[in-house]
Structure formats: structure tokens, C-alpha cells
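Report on one structure; see the data block that follows.
We did not get these values from a lab; they are worked out from the coordinates using the rules stated. These figures come from a predicted structure and were not determined experimentally. Note that each Cβ is placed from the backbone with ideal geometry, even for glycine, and that neighbours are counted across all protein chains shown.
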Amino acid sequence: MFKVRIDEPDYAFLQDKTSQTVNRYGTPIETVDKESALRHKSLTINDDPEIGDNPNRYKQHGFYFTADNCIACHACEAACSEKNDVPSHISFRSVGFIEGGTYPDYNRQNISMACNHCNDPVCLKGCPTRAYTKFAEYGAVLQDPDICFGCGYCTWVCPYNAPQLDPVKGEVSKCNMCVDRLEVGLKPACVSACLGKALDFGVIENTPENRDQTKTNLAGFPDPSITQPNIRFQQTKALSRDMVRVDSTAIKYHRNDDKGAYESVLDTKRGVKKSWGIRTLLASHENAHALFTLSSQIVMGAFILLVIGGLFGSSSINALKASSGFAPLLWIMVALMGFGLFKLNMHLGKPHRFYRGYNNLRHSPVSREIAGITAFFTGLMGYAFFALFDNALASLLAGIFVLLGLIGFVAGSYYMYKLYRIKARPFWDHWQTATSFYGTMLSLGSLIIAIAGIIALDHPQLLIKNLAFIAALGLVIETVGYYFHAQDLKNGSGEAAAAHYEQTTTFGLTYRLRNSLLAFNIALLATISFTGLSGTVGMMVGSLLVLSLLAQAYFGRIIFYALVIPTTMPGAFFWKNQGFVDHARESGLANMQQLGVAYERHHKFDTEALLKTVKETPLSEVIAQAKAIAMGR
């Protein structure tokens, strides 16, 4: 049990005497009724089975932030980090700010933010390992880093940047509401440390002493309807009509007098110069996702075309299936799918815990995608194996695995798309994601079959024409999605408009190249669908088409990952500023621990450092550490 100091000041203790019955979203504040509370298996805090005597233990608690009072001293950050032993490069609670006006009428609003322990925690539903739990005790949303395998999906779906992915340990952790302090009647450490009484805490919907407002929104705070967060605000001081972020995000906040609230709008702070952004694209942490989605979609598309072509009696597809090149094609597809899965798995913070990805099939689209892809891959491998034999039993078993592959394709491809429909990332939350994914399946799936047909068949012209038409159709589907996506982003506001701004400036030249390649490929494929390919010229054109299709697909996909702008809280000039983080890692400043930036080390194997450690460590300790690692500790 947390020890209360003898000289603990009065303001550090919880003050709630009464509470309302429901919050403003209509959810009961009592997390369980009194009878259920008696039967309830209690949350064990700090490995202590004792239960505190807090009378409001089974009521939803939340934070209160008075922006008028915050002086950005960062005492809340320091207290939280000290209590939870948080490394310098992450922070469960962080303070950012926005500013407006000019001297002498300059004004600034500071924002202190941590996890809001929401009524509808999207992190909990999204996490494939079930590392999150919303407890009846205090309504706290707690996360267990030991269960987490470091996929980072919770950091994608959370609108408030609350879950923190440690680039060194490769695991997520976050604010735990200081439930051990609540057990003994104390407010969280961040609240107790606040110098200006900007932070307060208690049963949700109880207005703290000397407060007039309990608003659910604030300039710079994302849409509360996404998760129904348990935080309330007060802001009475007048701010400028436009409040800008000082971090690298191309967003500012404009006061809408009709709605009486600030809305996020585009801030073209970096001008309109177009750049390639190639270094950013190639260095993107999400390259593994780009390679996985592309390779898996190539294989899925080819599989479906082969199956459907065979079912509908396509003479060109059946000719390929009867050729000596069919079995190698299937095994190439298996290898390509295996490569994508390997890249995705090694992208995890804890790759050896990959099996935990199936833990949340009830809620997580990531778990459902993993299950679907596993079924598809199993079906593909079974089909490839039994296709090597020419007998009735092998044909029957191959058919069973084909059916499994089809089921896996439907589930895997749908949830591969569905997991990107994230409200906190407007650039992804669009039907264009589906047209891009399924269009790629048609275009690149056709490509790999066509290459196999050219090698294996004596007369592949009919196959080439048919596949060129299908590939062109896939690219047309992609183009339609891209067009409406760009229009919706351009006419949107906030993060959506900012994403389009980044797309046409930071990555403007690459974006233009992608579009040019797309138009070129459609025209060339349409021509080939009528003329076919033959001779030396045909081989040269075909080779050019292969390179052009792959380049267009890769640039389009890595842009998809690299430029997405989440609905995160404002940062500062250095802290929680992605632009500074990128600069620090490129320039070497990240080696200075006090800057709060770290390199991604959990997936890198440093041989020299390992040898040095082994030389300087007694053999008995090395063996003990190896055993601990093997046992997962």
C-alpha cells in the first residue's frame, strides 16, 4: 500500500464527498453497483492484496485542467516521471502550448495532457495483445508493458498521444492514474505537484473548488466524441482568433464564433515549395508496413486471379496451371508472403512475442487481420504443396486449402483495410484506403502471373492481354480513389487539409512522380491489352513496365504511411515536436539524453556493443542473463 507522508499537504488529498449518477455522455459514474462491488475481484495494486478504504473506489474519476492557471513549469511532468521511473525520452504527461497575437498583445495557452482514461478507450479495443484493461476501480484504463509486443497500434488510434512507444525497449507504457495513491485518498502525483492549481482530479463531473467551467473541449484538444475522455477544462481568458502551434505540425486553431469553440485548420507555415522528401520516406519507421502490405497484396491478388480464372474456365490461366511454371509460381508467392510477414514481425518491439497478436479477436482489427492473413498463408502453402502431386487425394486436399485461402483472403484483406479507418488519423480514415489496397492486388497480382506466363508458356499473348486489362482496371480503381481522396482532403480542415498540404509540399515532387507513373502505367497497360508483347521491343517495354509499376506502388504506399498527421496534442519547440525529433536523430543530437530523444534501438543488433558487454561481464552473469531472456523475463 502506498505510504502517506505525515506532512502530506491538504491539497494532495481527494476532496469528493458526493457525486452525480451519470456523466454528460449518459454513462453511469458508478462503475459497478454496491452488490457487485462486494463480489468483485479487486485490482491488485503494487502486488498488495489489501484494498484501500477510498469510499469512491468504484466511481469513474478524471482530470480537470484549468488552462488559465498553467504556467508551463513542467512540474507535473517531472513528478509523473519521477514516480513512475519513466526514461527521459518518453513522458506519460507532457506540456505543450499554442500562441497567438503579437507584442504587446501576445497570448499563450499551455496544455498539460496525459491519458484521459476514456469511457470508450480505443486503445483497449485496438490492442491485439489485450495489454489494456478498463478497471472498475476508479475507471482507470491500465496497460501492462509485459503483455505488449510493441506493434504501436494503440499509439495510432489514440487521439491524445497518451500511449508511449519506447524506441529502446520496444514496448508501450502510459499513465496509470496513480491508482496506488488513489487507494489511500491521494490525488495523482502530477496533480499534487502542480504549482498553479491548473491540474485537479476527482470523481468525474464534480466541479472542483474555485472552478466555474467543466468543458469537454479546449483549443488544441482533439474531438472528444472519438473516445469520450474523462477530462474537463476551464479557459476563461481571452485568446486571439487564431492560435498557432509552435511544433512542426501544419495546424493552427481558429475560433468559430458560431460554435463558440476553436477548430483546427491548415497552417501553411512552411510555404508551398515542393520537395522530394526521399530521405524521410526511406528512413520511415513504417517501411516494414509498406513492404508487408505490398507483398501480401501482390500474393493475394495473384491467388484470387488464379482461383477465379480456374473456376471460370479461363483458357490462359488453365494453360499456366498446366505448365511446369505453375508450381514455382506458387512457391515464389509463398516466399514473397513469408518475406512480408518476416518484415512485419521484425518491426515489432518484441518480435519473439508475435503469437500474442491473436489475443484480441473480439475487438481488435489487428488481431482479426493477423488471423485472416494466417489462414490465407496456410491455405496458400497447402495449395502449393499439394499442387506438386497429380492424384485425386492431392487434388481434394489442394481444394480444401484453396477454400481456406479464400476465407483467409476475405477476412485478412478486409481487416487489413479496416484497421486503417482510424478517426484519429483522418488521412487514412477514407474509402480510398480500400481502393488503394484492392487496386494494388489487381495490378501487381496480374504482374507476377504475367511474368510467370512469359517464362513458362510458349504462347503467352492471350494471358498477357487479359492480365494487362485487369492490371489497368486495378490502376483505374486506385486513380479514382486518389482523386476523390485529394479533393476531400483539400476541402477538409485540420489534420486532413494538413495531410494534403504535406503531400503536395514536403513530398510534392514524389507525389507528382507517383501520379505521372500511374497515368503512364494505365496508358501502357491499356495498349498492351490490345497489342500484347512480343519480340525484343516487347521485352524492353515489359521490363520498363515492371519497374514503373513497382516504383509507383512503393512511392504511393510509403507516402501513405509517412505523411499521415494524427490528431495529437500540441507540442513545444523541442519537446513532443516530431520535426525536432527527426532533426535530432539525423544530426546526432539524440545522443544527448537531456534532449529527450532516443534512437530506435530495440530492433538493431549491435555486435560491437554485445562483445564489449560480454568481455566486461562475468561469465556467470552472462549465463544468468541468457537464461532470463530465454524464459521471457
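Each stretch of four or more DSSP H residues adds -39500 (n - 2.57); spread over every residue of the chain, this sum gives -15000 deg cm²/dmol at 222 nm. Extension gain, residue 410 to residue 462: 0.36 nm times the residue separation minus the Cα-Cα distance gives 15.9 nm. Measuring between alpha carbons in the structure, the pairs from 321/465; 187/237; 41/418; 187/259 lying more than 24 angstrom apart are 187/237; 41/418; 187/259. On the beta carbon distance between residue 469 and residue 315, with R0 = 22 Å, the FRET formula returns roughly 0.90.
Most tightly packed first, judged by the mean number of other beta-carbon atoms within 10 Å of their residues, the peptides 528-537, 504-513 read 504-513, 528-537.
Give a quick list of trypsin sites (Lys or Arg not before Pro) in region 537-607 that DSSP marks as loop, anything other than H, G, I, E or B, with at most 11 other Cβ atoms within 10 Å. Let's see the in-between values first.
Working: sites: 557, 576, 585, 601, 604; in loops: 576, 601, 604.
The qualifying sites are 604.
Computed from Cα positions, the angle between helix 619-630 and the longest principal axis of the chain comes to roughly 70 degrees. Looking at region 413-457, the chymotrypsin sites (Phe, Trp or Tyr not before Pro) that sit in a DSSP loop and have at most 13 other Cβ atoms within 10 Å of their own Cβ are 431.
Computed extension length for residue 586-residue 421: 56.3 nm, one decimal, from 0.36 nm per residue of separation with the Cα-Cα distance subtracted.
Computed FRET efficiency, Cβ-Cβ of residue 25 and residue 85, R0 35 Å: what is it to the nearest 0.05? The pair residue 25/residue 85 has a calculated efficiency of 0.55. Under a model in which nothing but the beta-carbon of Lys, Arg (+1) and Asp, Glu (-1) is charged, the chain shows a dipole of about 1000 debye around its Cα centre. Derived value for region 285-419: Kirkwood hydrodynamic radius 15.5 Å. Basis is the mean of 1/r over every pair of different alpha-carbon atoms. Note down the net charge around residue 411, summing +1 for each Lys or Arg and -1 for each Asp or Glu among other residues with Cβ under 12 Å from its Cβ. Computed value for this residue: +1.
When you count the other C-beta atoms within 10 angstrom of each residue and take the mean per peptide, 351-359, 243-251 line up highest first as 243-251, 351-359. Across the chain, where is the longest run that never hits GluC sites (Glu not before Pro) in a DSSP loop with at most 16 other C-beta atoms within 10 Å? Result, exposed sites excluded: 210-599.
Modelled this way, with points 7 Å down the Cα-to-C-beta line, the labels at residue 324 and residue 455 are 1.3 nm from one another.
Using 0.36 nm per residue, how much length does the chain from residue 4 to residue 282 gain when fully extended, once their Cα-Cα distance is taken away?
Full-extension gain reported as 94.9 nm.
Sorted fewest first by neighbouring Cβ atoms within 10 angstrom, 59, 350, 237 come out as 237, 350, 59. Reachable lysines from residue 273, Cα under 28 Å, same-chain residues fewer than 8 places away excluded? Residue 273 reaches 252, 490, 576. Rounded to whole Å, the principal axis extents of the Cα atoms in region 30-240 read 60, 40, 32, largest first. When restricted to Cα atoms, region 384-423 yields an Rg and a Dmax of 15.1, 51 Å, respectively. Highest mean packing first, where packing is the average number of other Cβ atoms within 10 Å per residue, the peptides 541-547, 360-366, 105-111 line up as 360-366, 105-111, 541-547.
Here the spin labels are modelled as points 7 Å beyond Cα on the Cα-Cβ line, and at residue 393 and residue 197 they lie 8.3 nm apart.
Remark: spin-label model distance residue 600-residue 551 equals 2.5 nm, labels positioned 7 Å along the Cα→Cβ axis.
Computed from the Cβ-Cβ distance with R0 of 60 Å, the FRET efficiency linking residue 210 to residue 272 stands at 0.80. Can you pull a Stokes-Einstein diffusion coefficient for region 176-329 at 10 °C (1.306 mPa s), Rh from Kirkwood over Cα pairs, as a whole number of µm²/s? In µm²/s, the coefficient is 71. Ordering 430, 583 by the number of other Cβ atoms within 10 Å of each residue's own Cβ, fewest first, gives 583, 430.
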